[in-house]
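J.: Before I ask anything, let me first share the structure, which is written out below as structure tokens.
The values are calculated or read from the model by the stated rules, or taken from the named source; none is laboratory data. Small disclaimer: the values here were computed from a predicted structure and weren't measured. Every residue, glycine as well, gets a Cβ built from its backbone with ideal geometry; the counts of neighbours run over all protein chains shown.
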Amino acid sequence: MIEEQVAMPEKVESPVKKSITPIVKPMTPHEIAQKNMEYQQAKDAEKVKGLFKYFECPGGKMAFSYRKYKNEEIGKYEMEDNKIYTIPLGVAKHINNNIWYQVHGYTIDEHGKPVSNIAQKIKRCAFQSLEYMDLEENVRGGQQILNTSNLAIEG
């Protein structure tokens, strides 16, 4: 028998390049919201270092519980005025934005009748970040450079 070598045809490249585009399934609004919540929860869990100020009772202690997300455990916090703490960013935001009480006032409407409204929001406490400042910059001659005389937020 005579063996013949059969030549295999050479591959000829097409002048048109084929690009493979992966098929990406669009995210549903629920999936987008879930991703955003996971991102925000991770951001809120980052630790920040700061100074706790208790305006309502200078020198006192304040205790509170906090949980923002369903899948978190309830955190219990006890903080003393003018002490430095490292806490999650979400807790620091809560202290700065949600712990206040309202003082009611009255205004006169167009008919001359008094109408009750919120005249002031008085902050009970604050958490001042020390991440971008040095503690020695906040103290001069043993006195804190924090003006707490005007605590009302107009609203």
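J.: I'd like the full set of residues that are aliphatic (A, V, I, L, M), within 30 Å of Ile122 (Cβ to Cβ) and assigned to a helix (DSSP H, G or I), limited to the range 22-56.
T.: Ala45
J.: Looking at Val48, is it under 17 Å from the mean Cα position of the chain (by Cα), at negative phi and of a type in the set (Val, Ile, Thr)?
T.: For Val48, the condition - under 17 Å from the mean Cα position of the chain (by Cα), at negative phi and of a type in the set (Val, Ile, Thr) - is met.
J.: Now a separate question. Looking at (1) more than 30 Å from Ala126 (Cβ to Cβ); (2) at pLDDT 95 or above, which is the only condition Glu80 fails?
T.: (1)
J.: Okay, next question. If you scan the range 57-81, which residues turn out to be assigned to a loop (DSSP other than H, G, I, E, B) and under 16 Å from Asn96 (Cβ atoms)?
T.: Matches in the range 57-81: Lys68, Asp81.
J.: Taking into account only those residues within the range 42-65 that are surrounded by 11 or more Cβ atoms within 10 Å (Cβ to Cβ) and touching a helix residue (DSSP H, G or I) at 6+ places or on another chain (Cβ under 8 Å), which is nearest to Gly90 (Cα to Cα)?
T.: If we take residues in the range 42-65 being surrounded by 11 or more Cβ atoms within 10 Å (Cβ to Cβ) and touching a helix residue (DSSP H, G or I) at 6+ places or on another chain (Cβ under 8 Å), then Asp44 is nearest to Gly90 (Cα to Cα).
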